[in-house]
Structure formats: C-alpha cells, structure tokens
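None of the figures in this text is laboratory data; all of them are computed from the coordinates on show. Just so it is clear, the model here is predicted, and its values are computed rather than measured. When we count neighbours, we look across all protein chains shown, and the Cβ atoms used for this are built from the backbone with ideal geometry, even at glycine.
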Amino acid sequence: MGNVFVICEIEEGKVADVSLELLTKGRSLANDLNCKLEAVALGHQIKGIEKQVYPYGVDILHVGDDERLEVYTTLPYTSIIVELFKQEKPEICLLGASTLGRDLGPRVSSALQSGLTADCTSLEIGDHTDKKAGKDYKNLLYQIRPAFGGNIVATIINPDCRPQMATVREGVMKMEVLSETHKGRIKNIDVNKVLKPEDLLVKVIERHMEKSKVNIKNSSIIIAGGYGMGSKEGFNQLYQLADVLSAEVGASRAAVDAGFAEHERQIGQTGVTVRPKLYIACGISGQIQHTAGMEESSMVIAVNNDSNAPINKIADYVINGDVNDIVPKLIKLYKKNTK
Amino acid sequence: MGFKIIVLAKQVPDTRNVGKDAMKADGTVNRAALPAIFNPEDLNALEQALRLKDRYPGSEVTILTMGPGRAADVIREGLYRGADKGYLLTDRAFAGSDTLATSYAISCAIKKIKDFDLIIAGRQAIDGDTAQVGPQVAEKLNLPQVTYAEEILSMKEGIVAEDDKYGVPHAKLAEELDLKINGTLEIKRRLERGVETVVTPFPCVITVNASAPNCRPRNAKAVMKYKHARTVTEIQDQSEDYLDLTLDRPYLKIEEWSVSDIETDTKWLGLSGSPTKVKKIENVVFQAKESKRISNDEAELEELIVELIDNHTIG
C-alpha cells in the first residue's frame, strides 16, 4: 500500500499554516493506516525547509528546488506531481483548499483519473461495502464535506482510484507538533528531467502579495456581524466593542456580500472556521453556512431581534433587541465594570 | 475577425436563499422550494466574454451547458444578455456524474464545437462549491488554465515573438511542438492574499471569480429577438398548434446534444466515469440547546457582563 502525501505550500520560504494543519491530520491518518507520511515541497532556494515540516511527523520529504518553481504556476507543478505520483503511488493526497490547492488539485486528479473531494471538513478512515458489486473495501478515506449550501453533509469515498485526493480549508484542521526531535529524510526530485518546454507556457509577470492583517483564526474572542447590522456604519460599531474586549471582528457571508466587511473576515463554509472561547454573533441569523464555521466556539452569545433566528438554538445566551442599541450598552457596561 | 468564446454555464438550485420554507419540518432540504438559477459566477464569466465581444467586434459568444432539459433556460438567459448561441448537453447517461465525468463530457462537446479561442467558466457552482470542472476541462483538452481570474486585461492575436517582453518563447515553441497557439492573453488573478498578472497563450481555459464585475442586465432587444429560442425537445413538447419559429429563423434554435451526438468513451461517463462515490448523506439539523434569554435591559446586560468578567471569559 502507498503512503499518505501532503502537498506543502511555501510562501517566502515559510510553509503555510494550512499545510502544517494537513501534516498534522496526515500524520494521524498514516498512523491509522500504519504507513508513512510523505510531503512534497516545491520552490526555489528552499534548502532547510525540512526543519519546518519534520516536527509534524514527516517521514519522507520530496523536494523540488528550481528557479522555474519559485512562483506557483499550474503546468510545471502538475507535471512534477503527476510524475512523482506515478512512481510513488500514494494512497492518499491532501492539499490546502487555497487558490493554489484548488487550482492544482483538480488538474492532477484529472491527469491521474483519480477522485478529488473539495473543501473537506473532516477526514476519517473507514470501511465500505459495495452491495451491488459484492465488494468489500477496507481502510478507505472518508471525505466528509458540507454540500448543497451547507444544508447536507456528505461522506464521499473513492473506492477504486488512487490516490484518494482531498482539499481542506485553512483553519479547519488543528495544527499540532508531533515531536520537535522527529526526523525524516529528503528525496530530491529531478526537476530537469520532468519539466518540458510546454509546461512553461504561462508566465506570472506581476505579483502583489499582502501579509494577512486580520487574524480571526487565532483570536480567543470574536465579535461577528451579519446583515442585521443594517449598514457599514452599523457594522463599524463592532470594531469599538472588539477594541475594548481585545477581540477580532468576523462577519457572515451576507455581511461580506453587502460590503460591510472584507472577505478575509468571513466565517463559515466559504470563509474560515474558528473555535474561540467567546463568540458574539450580532445581527446574524445563523444559516448553516455560517454556523458550520463557528459551532465549536466554547461560548456563543447571540444578539438580535428575531426570537426565531436559528443562531439562538446554538447560543448559550440570547440577547433580544436592536443590535445598534445593545452594542454601545455592552461597551459602556464593560468599561464601567473593569475600572 | 474577432474571437470565438465558449462560456460554460450551469443551472443550479439557489442555495444562497435558503429561507424558512426551504427547510422541511424534519430539517431536510425542500428542493422544490429552491428556484433554479444561472450559477452566479458563471454570470461573471459571461460578462468577461461579453466585454471581449465589445472590445473585439466580430467576436462570438457561445453558451455551453450540461443538465436536464430545463437547463435551456440558462442558454436563453445568456442570449438575452448578449450571447450569440448555445448548446445544451443533455442525456440520462450523464446522471450521477462527479466533477471528473462532467468535465469529460463537457470536453467532448467542446471538441465537437472545435473552433474556439477561449473557454470561460465561473470559478465554482454554488450547489457543490468544488471549483474543479474548469481545471479538469482544461486538463482533458490539454490546454493551459488560469483560475481565479478577475479581469481579462488584453487579448492579442498572433504568436508572441521570442524577444517579447514577457519572455515566453511562444513562436519557437509553437513551431517545435506543433502547438495550436492563436494568441496571448493577459489576465489579472485575485488570490486569497493578493493579486497577480499572468500571461498565457490561447486557446486556454479561464475561470472567473465573483469579485469580477457583475453581468450586465438583459437587453430588451435581445429579449425580443430570442424569447422564442427553443431546443428541439421543447418544440416537440409543445401542443400541435404551436408555431415553430426556428424554421424561418435558424438563430432561434438551441442546439441540443445527447451522448450520440458527441464522440465519447461511455465508460468515462456518468456513474462509471466517476471515481468518487457518495457513501452517505446526512441532513443538517439544528440541535437546540438551553439558551439563557436576556432582554435589552441595562440591569440584565450588566449581570451578564459581570458574570463573564468574573469567570475570566472577558477582561
């Protein structure tokens, strides 16, 4: 049987959080399957990259270091990974559900005619019986993801094709160091042998990357606003509450679509998943698309004037009333009691 | 002159507006309550195609959709907004297709259309949110892909010379590798932490983000012109006194293709061509838990704040 592979994303010499989260998950899947965890790192001048990934339990790291791989483009990355997978025959391949993983994953899966499940929220090992064909399958990857706008949760399997491929969004899996002293070994990829001139048809001529300013994923208190904030001005009050509570501001998709907040603040199925100790949902009705990204919060306070809002069902406290009236009161009362 | 552009569009249930009536009492989805719409990002894709048509007169925009018969609505909607013609790919043999089998069927239809410069699709459809069909169609057709596009900056005909500022030796490559290269596109991509500009030869496949400009509305003249556009099945389903206008006005005919109209290997279609299988579907049901209700009363709010400070949740 093949091993579990994780494709690592590298930005300016640093392995992305989503890749480290997948290595953590990959390690636990490899333990379940009693196989090795392998990782792939492609880039330019990435010597020493192994130090960043070994602590997460990587046994073998495939490194492709070449000028032509410095900036991600679809075709050379696809060629190298397809070639590598033809040799190594992985059992499972995990990628970040990032713009890179969602560009590369489908291309690779099509070239290998293997199944890919996008945006999984949970990955487990389990068995399957195909009653029609009378076939039993052991140790398949259950790829669990919301579908139909988050109203259903589907378990997807790839019974016959390998690798079983899945993408996972940043922040969905937990990141955990296995051991600071864990060591793997490097296998170098012969990039020159794989790349062909036609792999280099697409060129990146300009690039502006920004460091993410918003850090809602790691914030222990999140004040989230929805469409019920009414306006951008109404929404902006949440920054004041966040300020006094040392919290970060999040938003529902409806609030982002309405232009109240930028996309990097979006929480839920098409945004980030958060697990803060306190989540204050202001003017958020709580469609499943949203609650999927925050239901693991330790405590939820819902502020809204709809006593039937779905968010109230998962809230520990429901404050009933006009958000524009309650938010300033909360700021005032907090200041009063912490003096 | 101009360019030949194919827009891939999908008819989807409107999962964004899941109102109270869209959930049944048992917590399952009431699909009948969800209207069928033009997938939103496919409209962004259509707008990019129409802008190219505005910029390069003589260009032609063709809608290609795969789905049940009623998906012809998507083609009519495209015609109303400025597209020139459409193809509906419909057959029971496609039922149960995952993204790979879907991409295979679409790529076979595109091979039959044959003459094209560019394929544009939305990044993803709201019923699945996979973003896989665009790249997989590109791979099946062995074409370059540019995903997460926000704007097509330019489309230039002809092969770029080796000493071009982009340094892409298309001319030499095209000759050496016998590649079909009609010209070069410059595209702005919107990534999660920034933007980049890429240069790609075409024919190629582009997928467009929701951050791209919205699609223009229906054009009244186009609505008048195309309101009787029909597929052959729609014409057959009409009562006998229905006046078939497509005979006099061929532009009203929406091409309808089944498996027998395109060249395929049927083992790659439908369920048999789908490596992924759905093992289980669970409907998401909210589990109510005891929540404490607090009114908008200063004393009650203060009690909560003090409680949260005391148990170190805040402060």
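Look at A:ALA281 and say whether it is in contact with a Lys or Arg (Cβ under 9 Å, 6 or more places away or on another chain) and under 29 Å from B:ASN283 (Cβ atoms). So A:ALA281 does not fit the description; no.
Considered as a group, the residues in the stretch A:267-297 that are of a type in the set (Val, Ile, Thr) and part of a loop (DSSP other than H, G, I, E, B) include one that is nearest to A:ARG102 (Cα to Cα), and that residue is A:THR270. Which members of the stretch A:99-130 meet the condition of being small (Gly, Ala, Ser) and either more than 8 Å from every other protein chain (Cβ to nearest Cβ) or on the phi > 0 side of the Ramachandran plot (or both)? Those that are small (Gly, Ala, Ser) and either more than 8 Å from every other protein chain (Cβ to nearest Cβ) or on the phi > 0 side of the Ramachandran plot (or both): A:GLY101, A:SER122, A:GLY126. When A:VAL249 is tested against (1) farther than 25 Å from B:ARG190 by Cβ; (2) among the β-branched types (Val, Ile, Thr); (3) outside any helix (DSSP H, G or I); (4) free of Cβ contacts under 8 Å to residues at least 60 places away in the same chain, just one condition goes unmet, and that condition is (1).
Looking at A:ASN312, A:ASN305, which is the one that is of a type outside the set (Ser, Thr, Tyr) and either within 7 Å of chain B (Cβ to nearest Cβ) or crowded, with 23+ Cβ neighbours inside 10 Å (or both)? On inspection, the qualifying residue turns out to be A:ASN312. Total residues in the stretch A:187-214 satisfying the condition of being surrounded by 13 or more Cβ atoms within 10 Å (Cβ to Cβ) and over 20 Å from the mean Cα position of the chain (by Cα): the figure is 14.
Scanning the stretch A:32-71 for residues that are out of contact with any strand residue (DSSP E or B) (no Cβ under 6 Å at 6 or more places or on another chain), crowded, with 21+ Cβ neighbours inside 10 Å and in a loop (DSSP other than H, G, I, E, B) yields nothing.
Screening the candidates B:ASN283, B:ASN296, B:ASN311 for the property of being touching a residue at least 60 places away in the same chain (Cβ under 8 Å) and either at positive phi or within 11 Å of chain A (Cβ to nearest Cβ) (or both) yields one hit, B:ASN283. Could you tell me which numbered condition A:TYR317 fails, if it satisfies all but one of (1) more than 10 Å from chain B (Cβ to nearest Cβ); (2) farther than 22 Å from A:VAL153 by Cβ? Evaluating A:TYR317 over (1) more than 10 Å from chain B (Cβ to nearest Cβ); (2) farther than 22 Å from A:VAL153 by Cβ leaves (1) as the failure. Across the stretch A:320-339, the number of residues qualifying as among the β-branched types (Val, Ile, Thr), facing chain B (nearest Cβ under 7 Å) and surrounded by 15 or more Cβ atoms within 10 Å (Cβ to Cβ) comes to 1.
Could you check the stretch A:145-159 and list, in sequence order, the residues that are in contact with a Lys or Arg (Cβ under 9 Å, 6 or more places away or on another chain) and either on the phi < 0 side of the Ramachandran plot or among the aliphatic types (A, V, I, L, M) (or both)? Matches in the stretch A:145-159: A:VAL153, A:ALA154, A:THR155, A:ILE156, A:ILE157, A:ASN158, A:PRO159. Of all residues assigned to the stretch B:264-277, at least one qualifies as being crowded, with 18+ Cβ neighbours inside 10 Å, within 30 Å of B:THR99 (Cα to Cα) and charged (D, E, K, R).
Only one of the listed residues (B:ASP91, B:ASP117) is more than 9 Å from chain A (Cβ to nearest Cβ), buried (at least 21 other Cβ atoms within 10 Å of the Cβ) and among the acidic types (Asp, Glu). That residue is B:ASP117.
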